[in-house]
Amino acid sequence: MTLDACIVNCGARTVVGLRAWTTAAAVRAGISRLGFHPYMLDKYGDEMRVAMDCKLDEHVEGEDRMRRLARWALEEVCEPLAPFLSRAAVFMGLPESRPGWSADAGLPLAREVVGEVAPAIPLERVVALPHGNASAIFGMARAIEALRAGECEVALVGGVESYIHVDTLEWLDDNGQLLNDHDSRSSFVPGEGAGFLALASRSWCRSQRVPVLARVVGIGLAEEPNRIKTDAVCTGEGLTRAIRDAVQGLDLPEDKIGDTLCDLNGERYRSEEFAFAALRNPHPFVDANCFAAPADSWGDVGAASGALLAICGVASFMRSYAKTDHVMAFAGSESGLRGAVVLGAARAQLDKGIP
């Protein structure tokens with residue numbers, strides 16, 4: 001089934017870029033802003049490794065940081081869309097509940113940010129999705145359903161994350177997930193950031209003469225039964241299903257995926273999960289084992305992962321460095337949600353004679 005969804009704008013804020021295209025360029029250049037927390041020490045007495053936004057005060061924590069990051073990214077994505085915002089909806093991915101953050105705070109935060117940045121958007125069309133890493137991809141699926149149903153003309157989809165909170169960092173440290181020099185086989189560098197994409201239908205883009213940056217070709221969502229922090233052995237069942245569903249819209253073997261962007265962050269669980277999924281799904285890819293993991297640049301960006309990875313994919317089309325006309329982004333949440341999205345270059349649609 002072909003998805004009638006186009007990406008018409010992007011907005012981002014990360015530790016390597018203040019806007020969407022500078023972020024994508026920094027990731028491509030291999031720029032890294034992984035560093036140390038200015039005053040927090042881990043259980044070994046060493047400085048905690050983190051990736052922090054340099055424009056935010058070091059004493060601002062968690063929810064307050066997310067509110068500011070989301071505001072900056074949403075402002076960017078809304079800039080050229082001001083005339084259409086009264087018919088827009090927002091789907092915002094947020095972290096799952098954990099020390100330092102409650103998922104119940106998600107909807108008030110989302111509505112507050114939208115009310116400040118885009119007051120023309122009715123607050124009843126603001127949806128909070130506190131589902132972790134895969135939440136923005138889940139949001140894309142929800143947004144496309146809303147577009148099809150005529151509930152909105154433009155859907156702003158994204159996510160925001162900040163692990164920079166005393167309780168959150170200590171929780172990661174206690175769980176052995178905080179990268180250090182002593183036991184780093186299943187750990188990562190916690191980061192922060194926000195990303196948003198504006199989606200609309202092809203017919204709307206034509207009628208409003210809005211340029212298309214990329215197309216959403218397919219989305220796959222699934223649940224992984226064997227989750228991290230349990231004794232179960234994960235063999236990538238959920239990610240396998242998500243990828244298989246996402247590639248249904250491809251015309252194989254012609255439409256190969258040349259680039260894969262993922263939220264692998266150094267945790268052994270995630271790496272092994274993708275290895276199993278790649279073994280089961282080699283056919284849609286030019287090389288299933290060729291992938292980019294921007295966590296090396298911006299740290300783990302949690303609930304912002306899906307949107308920021310997709311933005312990097314869009315940038316690869318716009319700057320003509322994508323290997324093929326199709327890019328995949330995937331992400332996985334600790335609670336088991338897995339999401340994969342396939343993006344297509346806008347020109348590929350024209351090459352096939354699709355108006």
Report task. Residue by residue through the range 205-233, note down the ones that are more than 11 Å from Cys6 (Cα to Cα), in contact (Cβ under 8 Å) with a residue 40 or more places away in the chain and of a type in the set (A, V, I, L, M, F, W, C). Result -> Ile219, Leu221, Ala222, Ile228
Report summary line: Just one listed residue, out of Arg19, Arg13, Arg28, is modelled with pLDDT of 95 or more, in contact with a Phe, Trp or Tyr (Cβ under 6 Å, 6 or more places away or on another chain), assigned by TED's automatic domain parsing to the domain that holds Glu151 and under 29 Å from Ser320 (Cα atoms), and it is Arg13
Query raised in the report: Which number in (1) within 18 Å of the chain's Cα centre (by Cα); (2) under 18 Å from Cys10 (Cα atoms) marks the one condition that Pro190 misses?
Result: (2)
Requested in this report: Within the range 223-277, track down each residue that is surrounded by 21 or more Cβ atoms within 10 Å (Cβ to Cβ) and in contact with a His (Cβ under 9 Å, 6 or more places away or on another chain).
Outcome: Val247, Ile257, Asp259
**Report entry** Ser102, sole failed condition from (1) without any contact (Cβ under 8 Å) to a residue 40 or more places away in the chain; (2) surrounded by fewer than 18 Cβ atoms within 10 Å (Cβ to Cβ); (3) under 30 Å from Cys205 (Cα atoms)
**Finding:** (3)
Requested in this report: Kindly establish whether Phe330 is under 26 Å from Ser186 (Cα atoms) and crowded, with 21+ Cβ neighbours inside 10 Å.
Outcome: yes
Requested in this report: Working carefully through the options Gly158, Gly150, find the one that is outside any loop (DSSP other than H, G, I, E, B), of a type outside the set (A, V, I, L, M) and outside the structural domain of Ala277 (by TED's automatic domain parsing).
Outcome: Gly158
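A quick yes/no check of all residues on (1) assigned by TED's automatic domain parsing to the domain that holds Leu252; (2) part of a helix (DSSP H, G or I); (3) crowded, with 23+ Cβ neighbours inside 10 Å; (4) modelled with pLDDT of 95 or more:
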{"residue": "Cys290", "(1), (2), (3), (4)": "yes, no, no, no"}
{"residue": "Gly306", "(1), (2), (3), (4)": "yes, yes, yes, yes"}
{"residue": "Val314", "(1), (2), (3), (4)": "yes, yes, yes, yes"}
{"residue": "Gly339", "(1), (2), (3), (4)": "yes, no, yes, yes"}
Report task. Determine whether the range 155-163 contains at least one residue that is buried (at least 23 other Cβ atoms within 10 Å of the Cβ), modelled with pLDDT of 95 or more, closer than 21 Å to Trp72 by Cβ and of a type in the set (D, E, K, R). Result -> yes
Query raised in the report: Quick one: would you say Gly306 is out of contact with any Asp or Glu (no Cβ under 9 Å at 6 or more places or on another chain), under 23 Å from Ala194 (Cβ atoms) and not basic (Lys, Arg)?
Result: no
Report task. Would you check if Ala120 is in a strand (DSSP E or B) and in contact with a helix residue (DSSP H, G or I) (Cβ under 9 Å, 6 or more places away or on another chain)? Result -> no
**Report entry** Every residue from the range 15-29 that is within 30 Å of Arg244 (Cβ to Cβ) and buried (at least 22 other Cβ atoms within 10 Å of the Cβ)
**Finding:** Ala20, Thr23, Ala24, Val27
Requested in this report: Only residues in the range 236-264 that are assigned by TED's automatic domain parsing to the domain that holds Val341 count as the first member; pair them with residues that are basic (Lys, Arg), Cβ under 6 angstrom, at least 6 apart or cross-chain, and list the lot.
Outcome: Gly238/Arg338; Leu239/Arg338; Thr240/Arg280; Ala242/Arg338; Gly258/Lys323; Asp259/Lys323; Leu264/Arg270
Query raised in the report: Any residue at all in the range 169-190 that is in the same structural domain as Arg19 (by TED's automatic domain parsing), part of a helix (DSSP H, G or I), at negative phi and among the basic types (Lys, Arg)?
Result: no
Report task. Only residues in the range 273-285 that are within 17 Å of Thr324 (Cβ to Cβ) count as the first member; pair them with residues that are among the hydroxyl-bearing types (Ser, Thr, Tyr) and assigned to a helix (DSSP H, G or I), Cβ under 8 angstrom, at least 6 apart or cross-chain, and list the lot. Result -> Asn281/Thr240
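Quick grid of which residues meet (1) surrounded by fewer than 22 Cβ atoms within 10 Å (Cβ to Cβ); (2) in a loop (DSSP other than H, G, I, E, B):
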residue: Asn9; (1), (2): no, no
residue: Ile31; (1), (2): yes, yes
residue: Met48; (1), (2): no, no
residue: Val60; (1), (2): yes, yes
residue: Asp64; (1), (2): yes, no
Query - Top-ranked residue in the range 82-99 [being surrounded by fewer than 20 Cβ atoms within 10 Å (Cβ to Cβ) and closer than 30 Å to Glu334 by Cα; ranked as nearest to the chain's Cα centre (by Cα)] - result: Glu96
Requested in this report: Filter the range 1-25 for residues that are of a type in the set (Gly, Ala, Ser) and more than 14 Å from the chain's Cα centre (by Cα) and give the result.
Outcome: Ala5, Gly17, Ala25
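The values are calculated or read from the model by the stated rules, or taken from the named source; none is laboratory data. Keep in mind that this is a model prediction, so the values were computed, not measured. As a convention, Cβ positions derive from the backbone with ideal geometry for all residues, glycine included, and neighbour counts pool all protein chains shown.
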